[in-house]
Amino acid sequence: MWLRKYLELPSGIPTDDTYRIVMGNIGTEHFYQAAAGLLIQTIEGIVLLSGKESRGSKRKPGGQGEAKALQTLNVYSNDYGICLAQKFIDEKTNEISAAQELLGLMDLWNMIVTADAMNCQKDTVSAIVSGKGDYVLALKGNQGLFHEEVRDYFEGGVLENLKGKEGCYKKTVEPEHGGVQSGNTTSRRTRTGTVNGGSGKTQEFRDGG
């Protein structure tokens, strides 16, 4: 009876085989985009771009042959505790291009995308901005000139100045892999957005809206 509200069924309700055939012919990529689109409409806040290796998926050479560990790239919502998008990648080095492709499919309105230094790339930023999102990306020595410019920006008394302003400086201490990770974050408004930096960590933010 429920289906008759939405479909004309002159020959009665389809059998389970019919459902199986129809569902088997739905393009997985199209179905993903439709499902993710509906889900993302309800999500806002901070999302994390992170590559992971599935533990136990690697197989050493033997009777069944060698198998590489399964690598996946995920867009994860910390606020809602769910994975919004996922893509399988062959190697960790393929994460950059996969991230740009994955983010390019998403509507990132009202979202802030965070990522590690590997994904601090111009094309990645372009994909986020095109999706109407904002971003906070880690910046390290892999971006030599950019890293030096940001580091120099916070020297010469600027950092000490920001420490005295409310909402411009924060220090965090968190346990990590049996040790302790300490990070200092500073924030300063500029014409293009906010530049964030820190002691041992440097991040960059730009308004994408």
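A few points about this structure:
- Chain lengthening between residue 32 and residue 151 when straightened (0.36 nm per residue, less Cα-Cα): 38.7 nm
- Highest-first arrangement of 133-139, 16-22, where packing means the average Cβ count within 10 Å: 133-139, 16-22
- Contour excess over end-to-end distance, with Cα ends at residue 8 and residue 122 and 0.36 nm allotted per residue: 36.0 nm
- Here residue 17 and residue 55 are evaluated by their C-beta separation; at R0 = 41 Å the FRET efficiency comes out at 0.60.
- Too-long pairs where the Cα-Cα distance tops 32 Å, listed order kept, from 68/171; 87/122; 87/132; 58/171: 68/171; 58/171
No value in this document is a laboratory result; all are computed from the given coordinates. Just so we're clear, the structure is a prediction, and the values are computed from it rather than from any experiment. Because the Cβ atoms are built from the backbone with ideal geometry, glycine has one as well, and the counts that use them run over all protein chains shown.
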